[in-house]
Amino acid sequence: MTVQEKSVTAAPRGPAELKFGEQSSQFPVRSGTIGPDVMDISKLYKDTGCFTYDPGFTSTANCASRITYIDGDEGVLLYRGYPIDQLAENSDFLATCYLLLHGELPTNEQFVAFRKTIVNHTMVHEQMTRFYTGFRRDAHPMAVMVGVVGALSAFYHDSTDISDPGQRMIAVHRMIAKMPTIAAMAYKYSIGQPFIYPRNDLDYASNFLQMCFAVPCEPYIVNPVLARALDRIFILHADHEQNASTSTVRLAGSSGANPFACVAAGIACLWGPAHGGANEAALNMLEEIGSVDRIPEFIAKAKDKSSGFRLMGFGHRVYKNYDPRAKVMQKTCHEVLDALGLHNDPLLKVAIELEKIALQDPYFVEKKLYPNIDFYSGITLRAMGFPTSMFTVLFAVARTIGWTAQWKEMIEDPEQRIGRPRQLYIGPARRDFPK
Ligand code: SDX
């Protein structure tokens with residue numbers, strides 16, 4: 001599906017005119033490379049004394065960005081212009097990190113240098129291991145991630161001066177490199193096994209698998225099919241425009257907070273079941289459904305507003321067509337299950353049948369609710385040996401490049417200033433304290 005290119009010669013639409021009572025105001029319209037134009041309303045309050053009102057920011061652009069583009073109606077996702085399915089097929093996660101960070105795919109020399117830099121930052125300060133012992137063994141690993149990643153700023157003072165481009169880049173490299181180590185340590189701590197150090201001879205996904213599943217008592221052989229699948233899963237989750245957690249990172253960064261604290265805030269936001277927590281929630285939902293014959297009961301619940309139940313892994317704020325990542329995720333899911341001899345996984349049967357029934361049901365068709373990336377990722381990750389509680393942690397590992405690339409773009413954007421939305425006040429008018 002080609003993304004409709006704006007014809008270069010098409011002049012942007014004229015200024016937007018707002019008639020408001022007797023008053024008329026004009027606001028400039030800006031066009032991007034592709035996608036919707038924007039009306040620059042930064043002077044709206046000054047001109048009209050009014051705010052816009054847009055809960056959830058359904059019609060609000062908070063920045064100009066060069067990193068990722070989504071066409072929700074066409075089901076298109078581009079990282080620096082490259083379609084996600086082509087990157088998933090032809091690239092690898094570390095090269096995709098370079099692309100998202102620097103804007104171009106790396107040459108061989110650039111990739112070798114970038115990989116060496118990342119590899120040299122994969123260990124964490126040995127004293128950071130003590131943070132883990134402060135948590136209960138059954139603490140949710142996302143709670144551990146929020147705490148330990150936030151604590152990075154207590155160890156790496158030499159890369160918290162956000163005004164220094166060199167320090168900004170070191171902080172970004174450190175987070176890309178250390179997130180898998182921190183995540184794997186959270187998993188090992190939860191199962192009472194010793195931490196496994198990163199290995200510099202392995203690629204990013206293989207290293208993460210060995211830090212999670214190796215034990216000191218015997219050699220660990222990485223399954224190349226699982227490593228390739230995990231690398232592709234990381235690519236699919238790397239960035240996604242101004243989603244809730246990325247917007248959180250940008251807002252935190254707009255105050256000048258250090259990058260480690262900003263990413264910790266992003267992790268906290270990603271944890272929500274409406275966002276990154278949906279992969280964990282989707283698998284729990286499939287397990288609750290349990291068998292194909294119970295699907296109609298859950299479809300009915302999802303259509304009944306009073307139930308408060310939603311089909312987890314379905315629907316998206318932007319995609320009103322199939323999530324292009326979900327297609328690649330489904331293919332990866334089948335590859336992993338086949339490689340592990342689990343193609344008869346009962347949950348996969350429930351997922352495939354649920355998708356088929358939902359996509360024929362008028363409720364889901366009318367509301368344009370399609371499976372999103374979280375629908376198949378849970379089945380895949382569970383088959384790979386990860387517990388459900390680690391699913392969103394893996395999402396956070398992958399999204400770290402998106403968060404940090406967007407944070408860096410925000411810091412370097414001359415238009416950016418501290419984010420400070422206004423409100424529609426509906427509370428009590430001024431009143432005096434009772435004598
Ligand atoms: C991610 O933003 C991103 O880019 C996020 C993400 C990324 O990579 O960063 O893509 C990752 O978060 C994917 C989404 C994962 N979340 C889930 O799968 C949770 C289940 N989905 C929903 O909660 C919901 O679809 C959202 C949160 C994803 C989108 O919410 P919106 O855009 O605010 O849509 P909405 O809540 O206004 O729903 C529109 C209508 C409503 O019905 P009406 O009030 O119009 O009658 O659709 C219904 C909703 O009730 N609806 C669902 C539904 N999702 C929406 N009904 C049943 N099941 C669902 N899953």
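The values are calculated or read from the model by the stated rules, or taken from the named source; none is laboratory data. Computed from a predicted model, the values in this text were never measured in an experiment. All Cβ positions, even for glycine, are placed from backbone atoms using ideal geometry, and neighbour counts span all protein chains on display. What goes into the accessible areas is simple: the full protein's heavy atoms, side chains included, and nothing from ligands, DNA or RNA. Shrake-Rupley method; radii C 1.70, N 1.55, O 1.52, S 1.80 Å.
A few comments on the model shown:
- In the set (1) over 30 Å from L78 (Cβ atoms); (2) within 11 Å of the ligand (Cβ to nearest atom); (3) among the acidic types (D, E), E280 fails one condition alone, (1).
- Matching residues in region 108-150 - criterion: being among the acidic types (D, E) and either under 26 Å from the mean Cα position of the chain (by Cα) or more than 26 Å from C97 (Cβ to Cβ) (or both): D138
- Test for V336: is it under 24 Å from E89 (Cα atoms), more than 13 Å from the ligand (Cβ to nearest atom) and of a type in the set (A, V, I, L, M, F, W, C): yes
- Scanning region 45-71 for residues that are within 15 Å of the ligand (Cβ to nearest atom) and aromatic (F, W, Y) yields F57, Y69.
- Region 113-168, subset basic (K, R) and in contact (Cβ under 8 Å) with a residue 40 or more places away in the chain, residue farthest from S389 (Cα to Cα): R168
- Looking across region 72-99, just one residue is within 12 Å of the ligand (Cβ to nearest atom) and assigned to a loop (DSSP other than H, G, I, E, B), and that is G72.
- As for region 170-191, it holds at least one residue that is more than 20 Å from A398 (Cα to Cα) and open to solvent by less than 40 Å² (accessible area, probe 1.4 Å).
- Only helices (runs of 4 or more DSSP H) whose full extent lies in region 352-435 are considered here, and the ones with at least 1 residues that are among the aromatic types (F, W, Y), open to solvent by 30 Å² or more (accessible area, probe 1.4 Å) and within 13 Å of the ligand (Cβ to nearest atom) are 362-366.
- Filter pass, G266 being under 17 Å from A358 (Cα atoms) and within 14 Å of the ligand (Cβ to nearest atom): no
- Candidate set: region 202-247, residues that are open to solvent by 10 Å² or more (accessible area, probe 1.4 Å) and of a type in the set (D, E, K, R); chosen: the one farthest from the ligand (Cβ to nearest atom): E218
- Of the residues making up region 299-307, one or more are farther than 30 Å from A61 by Cβ and surrounded by 19 or more Cβ atoms within 10 Å (Cβ to Cβ).
- Filter pass, G315 being open to solvent by 10 Å² or more (accessible area, probe 1.4 Å), of a type outside the set (S, T, N, Q), at positive phi and more than 13 Å from the ligand (Cβ to nearest atom): no
- Per the listing A244, A257, the residue uniquely under 30 Å from H334 (Cβ atoms) and modelled with pLDDT of 95 or more is A244.
- If only residues of region 15-55 that are in a strand (DSSP E or B) and farther than 28 Å from I70 by Cα are counted, the one that is most open to solvent (accessible area, probe 1.4 Å) is K19.
- Note on region 274-291: among residues that are assigned to a loop (DSSP other than H, G, I, E, B) and either crowded, with 17+ Cβ neighbours inside 10 Å or at positive phi (or both), the one that is farthest from the chain's Cα centre (by Cα) is G290.
- Residue pairs whose Cβ atoms lie under 6 Å apart, sitting 6 or more positions apart in sequence or on different chains, and linking a residue in region 358-370 that is touching a residue at least 40 places away in the same chain (Cβ under 8 Å) and within 19 Å of Q330 (Cβ to Cβ) to a partner that is more than 10 Å from the ligand (Cβ to nearest atom) and part of a loop (DSSP other than H, G, I, E, B), are Y370/Y322.
- First in region 308-321 and assigned to a strand (DSSP E or B), second anywhere and of a type outside the set (S, T, N, Q) and more than 6 Å from the ligand (Cβ to nearest atom), Cβ under 8 Å, 6 or more apart: F314/A358; F314/F364; F314/Y370; F314/P371; F314/F375
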